[in-house]
Amino acid sequence: MDRRIQPAKNISGGLRLPGDKSISHRYAMLGAIAEGETVIRNYSTGADCASTLRCLQQLGVEIYRKQVKPEIGEPFEQLHIRGRGLRGLEPSRETLDAGNSGSTIRMLSGLLAGHSFDTSITGDESLQRRPMKRVMEPLSQMGARFEARDGNYPPLRIHGTKLSGIHYELPVPSAQVKSSVLLAGLLADGETTVVEPVQTRDHTEIALQQFGADITRRRRSATVRGGRALKARGLTVPGDLSSAAFFICAALLFPSSDLYLHDVGLNPTRTALLDFLCGMGASVKLLNLAEESGELIGDIHVSGGKLTGGRIEGEMVAGLIDEIPILAVLGTQTEQGLSIRDATELRVKETDRIATVADNLLRMGVSVEVRPDGLDIPGQQHLLGAELDSFGDHRIAMAFTIAALAATTESLLHHSDAAIISFPDFFDRLGHITEL
Ligand code: S3P
């Protein structure tokens with residue numbers, strides 16, 4: 001779907017974000033193998049998290065939604081997942097479809113590796129180009145067997161079995177791979193330890209504690225002992241900070257912006273964006289901090305203002321990986337520009353995000369230098385209204401919608417509907433806070 005986007009004057013107002021995508025996947029998968037009924041409030045509305053639910057249903061998990069009408073406050077929807085217990089999933093005759101979701105295919109591979117039946121799983125065209133060796137490698141060491149296209153790409157055939165615990169050092173920082181191995185570890189004999197080169201988001205470790213798993217955490221490593229039953233529970237998913245990132249950066253593009261975002265997940269392994277923006281001189285304040293199901297949440301207040309510019313490299317990259325497309329857009333409006341290095345992982349996301357960011361910036365008349373592992377984006381550039389393309393990537397769709405708000409004239413965005421992958425209401429919510 002094509003969408004016309006008019007330049008804006010200002011971003012102001014307040015809103016709540018839909019549930020965090022990363023956390024939603026984890027709650028659904030852990031709920032599926034827990035004992036009893038897990039009830040989730042504010043489950044992500046994105047298509048990726050719906051893919052996880054569909055796959056779980058194909059594996060025999062009963063899932064339903066319930067409308068709750070409290071005496072005070074707005075009605076809301078809850079997701080109910082009837083857990084099947086450890087190793088309780090049922091074989092699926094049909095191939096599972098993870099859609100566009102790397103989290104679904106990689107994390108479910110961990111669970112399925114520990115079930116003694118075979119499963120086929122695939123995804124859309126983009127997912128079929130994304131590397132799976134990174135999960136097949138450790139899960140094979142635990143005892144599972146895999147078949148994959150060219151030994152690396154979906155469709156995958158997973159031959160599950162009784163697994164043995166391993167000690168695994170991740171070669172690439174990846175929360176999806178870490179989570180896949182930890183989920184397999186729940187079903188394995190003995191202990192499974194995952195060591196990370198750089199700390200990545202720790203939602204799986206927190207969720208495992210919430211579900212009563214036998215887990216020990218140290219700095220940059222986690223150990224689970226297999227075989228302990230998980231206990232179903234009630235959980236609320238915080239607002240998605242990676243979705244909030246688009247609105248935060250939009251506000252920073254206009255000097256008189258004033259934006260409040262309520263009940264956003266502020267887990268310290270996710271807030272590198274906020275630190276980076278503050279380091280460039282942004283006014284981003286956190287208010288009303290609280291804890292929700294083991295996760296830190298709070299409100300974010302952003303005001304417009306000048307940004308100096310900066311450099312993203314080394315250990316910083318993992319914490320900012322999903323935010324780099326929108327930071328690249330913001331970089332064009334900073335005083336000194338933005339340099340990005342050590343970010344080859346961007347090339348194996350939903351699209352090659354180094355290429356798709358650069359392509360769209362060039363269409364807007366911006367000068368940008370492409371490197372094998374990043375980008376150099378000079379600051380103080382004009383963004384021209386242009387014909388843009390998401391290339392089917394949700395974060396590129398949202399990043400360049402925001403770029404178009406700061407452009408000189410109208411833009412046209414092809415495949416804008418890609419935003420449904422993580423944030424179906426993105427355009428509606430943006431409309432509520434945008435002054436044209
Ligand atoms: C995610 C981890 C990151 C991130 C993705 C979600 C997760 O991927 O880019 O959007 O939920 O664990 P990698 O693990 O591939 O870095």
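Output the number of the condition that K9 fails; it satisfies all remaining conditions of (1) under 24 Å from T236 (Cα atoms); (2) out of contact with any Gly (no Cβ under 6 Å at 6 or more places or on another chain).
Single failed check for K9: (1).
Please specify each residue of segment 94-114 satisfying the condition of being touching a residue at least 60 places away in the same chain (Cβ under 8 Å), buried (at least 24 other Cβ atoms within 10 Å of the Cβ) and away from the ligand (no atom under 16 Å from the Cβ).
The answer is A113, G114.
Consider segment 285-297. How many of its residues are surrounded by 20 or more Cβ atoms within 10 Å (Cβ to Cβ) and not charged (D, E, K, R)?
Qualifying residue count, segment 285-297: 1.
Which one is nearest to the ligand (Cβ to nearest atom) among residues in segment 182-194 that are among the hydrophobic types (A, V, I, L, M, F, W, C) and over 21 Å from the mean Cα position of the chain (by Cα)? So that I can check it myself, show each step before the final result.
Of the residues in segment 182-194, the ones among the hydrophobic types (A, V, I, L, M, F, W, C) are 182-184, 186-188, 194.
Checking which are over 21 Å from the mean Cα position of the chain (by Cα) leaves us with 186-188.
Details: L186: 16, L187: 19, A188: 20 Å.
In this case the residue turns out to be L186.
If we only count strands (runs of 3 or more DSSP E) wholly inside segment 1-87, which ones have 1 or more residues that are touching a residue at least 24 places away in the same chain (Cβ under 8 Å), polar (S, T, N, Q) and open to solvent by 10 Å² or more (accessible area, probe 1.4 Å)?
Qualifying strands (runs of 3 or more DSSP E): 10-16, 76-82.
Looking at L112, L59, L86 in this structure, which one is under 30 Å from I166 (Cβ atoms), modelled with pLDDT of 95 or more and touching a helix residue (DSSP H, G or I) at 6+ places or on another chain (Cβ under 6 Å)? Write out each step before concluding.
Details: L112 fails: touching a helix residue (DSSP H, G or I) at 6+ places or on another chain (Cβ under 6 Å); L59 fails: touching a helix residue (DSSP H, G or I) at 6+ places or on another chain (Cβ under 6 Å).
Checking each option against the conditions leaves just L86.
Is there a residue in segment 207-219 that is in a helix (DSSP H, G or I), more than 22 Å from T45 (Cβ to Cβ), open to solvent by less than 30 Å² (accessible area, probe 1.4 Å) and touching a residue at least 24 places away in the same chain (Cβ under 8 Å)?
Yes, the conditions are met somewhere in segment 207-219.
For segment 305-317, does any single residue satisfy the condition of being more than 16 Å from the ligand (Cβ to nearest atom), among the hydroxyl-bearing types (S, T, Y) and either open to solvent by 40 Å² or more (accessible area, probe 1.4 Å) or within 26 Å of the chain's Cα centre (by Cα) (or both)?
Looking for residues that are more than 16 Å from the ligand (Cβ to nearest atom), among the hydroxyl-bearing types (S, T, Y) and either open to solvent by 40 Å² or more (accessible area, probe 1.4 Å) or within 26 Å of the chain's Cα centre (by Cα) (or both), one finds at least one in segment 305-317, hence yes.
Out of curiosity, is G234 over 30 Å from L208 (Cα atoms), in contact with a Ser or Thr (Cβ under 8 Å, 6 or more places away or on another chain) and modelled with pLDDT of 95 or more?
So G234 does not fit the description; no.
Those residues that are more than 24 Å from H167 (Cα to Cα) and among the aromatic types (F, W, Y), I need them from segment 117-147; list them, please. Before the answer, list the steps.
Taking segment 117-147 and keeping what is more than 24 Å from H167 (Cα to Cα), we get 117-130.
Scanning segment 117-147 gives a single hit, F117.
Going by what's in this entry, would L346 be described as in contact with a Cys (Cβ under 9 Å, 6 or more places away or on another chain), more than 30 Å from L235 (Cα to Cα), outside any strand (DSSP E or B) and within 16 Å of the ligand (Cβ to nearest atom)?
Here the answer is no, as L346 does not meet what is asked.
Conditions tested, residue by residue: (1) farther than 25 Å from G239 by Cα; (2) under 18 Å from the mean Cα position of the chain (by Cα).
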position: V368; (1), (2): yes, no
position: P378; (1), (2): yes, no
position: R395; (1), (2): no, yes
position: A404; (1), (2): no, no
position: H414; (1), (2): yes, no
position: A418; (1), (2): no, yes
position: D425; (1), (2): no, yes
position: D428; (1), (2): no, no
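Look through segment 239-284, keep the residues that are under 21 Å from the mean Cα position of the chain (by Cα) and of a type in the set (D, E), and return whichever of them is least open to solvent (accessible area, probe 1.4 Å).
Only one residue tops the list, namely D240.
May I ask you to verify whether I248 is touching a helix residue (DSSP H, G or I) at 6+ places or on another chain (Cβ under 9 Å) and under 30 Å from M142 (Cα atoms)?
no
Let's see how each residue does on (1) within 14 Å of the ligand (Cβ to nearest atom); (2) in contact with a helix residue (DSSP H, G or I) (Cβ under 7 Å, 6 or more places away or on another chain); (3) under 23 Å from R87 (Cα atoms):
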position: S180; (1), (2), (3): yes, yes, yes
position: A207; (1), (2), (3): yes, yes, yes
position: R220; (1), (2), (3): no, no, no
position: K231; (1), (2), (3): no, no, yes
position: L235; (1), (2), (3): no, yes, yes
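Out of (1) of a type in the set (F, W, Y); (2) away from the ligand (no atom under 16 Å from the Cβ); (3) under 21 Å from R270 (Cβ atoms), the odd one out for Y27 is which?
Result: Y27 fails condition (2) only.
The values are calculated or read from the model by the stated rules, or taken from the named source; none is laboratory data. Note that the structure is a prediction, hence the values are computed from the model and not measured. Neighbour counts are summed over all protein chains in view; Cβ atoms, including those assigned to glycine, are modelled from backbone coordinates with ideal geometry. For the accessible areas, the whole protein counts, side chains as well, though only heavy atoms, and no ligand, DNA or RNA atoms are used. Shrake-Rupley method; radii C 1.70, N 1.55, O 1.52, S 1.80 Å.
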